[in-house]
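Values quoted throughout were computed directly from the atomic coordinates according to the rules given, and no laboratory measurement underlies them. Everything numeric in this text was worked out from a predicted model, so none of it was measured. Here the Cβ positions follow ideal geometry from the backbone for every residue, glycine too, while neighbour counts run over all protein chains shown.
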Amino acid sequence: MSEPLTRTAASEAVADIGWRYLLGTLCAYVPVSSYDDAVAVGSLVVAEAGDDGEQHLRFDVRPRRVELALQDRDVANVTPVDVALAGRITAALAEHGLSTLASPDAESSRSVQTIEFAIDALDIAMIRPFWKAVLAYEDEPGHSGPEDPLVDPLRQGPAMWFQQMDEPRPQRNRIHFDITVPHDAAEARMRAALDAGGVLVSDAHARSFWILADAEGNEICICTWQDRDPST
């Protein structure tokens, strides 16, 4: 099994080929003009991934784009195999006049992104089994402790994680969304949210995340991979 890469190493390895690192995953999309084209892209990507596809590749076919994701399923993280696959897939698509992108293009209104939701809890170990059962989720690979994240086994729904509280906060919402975007898209996403009536609650942890809220105080964090690797 390959060792996971640091966030910095994973991001830098694919920065120039249209992929972005989001939450332990390499993400990109391929613009297409129809479902037929999307299915053809999917077939091409699967063929290029070969034997590594079952372990590392996920893709989502839509009529105007194909979403691509690479991650080692056993460790829920990016390894050198994923980086190599990103390069091979990008090169194979280029031979057919197709590109891997991460930021919006003429046909797309948004960048690649990943959504999580977080629950603030006083006793995470007590409530986690309920959320695991009611959502039919599973432990994230490599993380099976009583306070670790939960994921959709089909990887269709958002991941869930739990934030430890020290005392009750009855006047603050205790379930919030985290949206992870490419590091070079965070500023534009925040600007759009603020222009739409949002409020910046805190930038104390930037560039890891910024806390925003709507006009009634409901919070969401805009997150990136940056400033999360341990100092060396």
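Put in order of Cβ neighbour count within 10 Å, fewest first, the listed residues V201, V66 become V201, V66. Does anything in the range 209-231 have its amide N under 19 Å from the 7 Å Cα→Cβ label point of A192, and if so which residues? It comes to 209-215, 219-225, nothing else.
The protection proxy used here, the mean number of other Cβ atoms lying within 10 Å of each residue, ranks peptides 51-60, 76-85 as follows, highest first: 76-85, 51-60.
Quick one: compute the contact order of the chain, relative version, from alpha carbon pairs under 8 angstrom and 6+ residues apart, as a percent. Let's see the in-between values first.
Values: 426 pairs, mean separation 43.3, N = 232.
Dividing the mean separation by the residue count of the chain yields 19 percent.
Taking the Cβ of R128 as the center, what net charge do the other residues with Cβ under 11 Å away carry, scoring Lys and Arg +1 and Asp and Glu -1? Every neighbour counted, the sum reads -3.
Among L68, L93, the order by Cβ neighbours within 10 angstrom, fewest to most, reads L93, L68.
Projection of the Cα convex hull of the chain, averaged over all directions and equal to a quarter of that hull's surface, yields 14.0 nm². Per-residue ellipticity at 222 nm from helix content only, as computed over the chain with -39500 (n - 2.57) for each DSSP H run of at least four residues, stands at -8000 deg cm²/dmol.
3J(HN,Hα) couplings calculated from phi for the range 184-194 with the Karplus curve 6.51 cos²θ - 1.76 cosθ + 1.60 (θ = phi - 60°) are, in sequence order, 8, 10, 4, 4, 5, 5, 5, 4, 4, 5, 5 Hz; Gly and Pro show x. Restricting the calculation to Cα atoms, the range 114-223 yields a radius of gyration followed by a Dmax of 14.9, 40 Å. Radius of gyration (Cα atoms) of the range 7-94, expressed as a multiple of 2.2 N^0.38 Å: 1.01.
So what's the net charge close to S11: Lys and Arg +1, Asp and Glu -1, counting the other residues with Cβ under 15 Å from its Cβ? Before the final figure, lay out each step's value.
Values: positive: R7, R20, R207, R228; negative: E12, D16, D82, D184, D227, D229.
Combined, the nearby Lys, Arg, Asp and Glu give -2.
With neighbour counts taken as other beta-carbon atoms within 10 Å, the residues M160, M126, M165 rank, fewest first, as M126, M165, M160. Across the range 85-100, rounded Karplus estimates of 3J(HN,Hα) from the backbone phi angles (6.51 cos²θ - 1.76 cosθ + 1.60, θ = phi - 60°) give 4, 4, x, 5, 5, 4, 5, 5, 5, 4, 5, 10, x, 10, 10, 9 Hz, Gly and Pro being marked x. With a cut-off of 12 Å between beta carbons, the residues surrounding D72 carry a summed charge of -3, where Lys and Arg count +1 and Asp and Glu -1.
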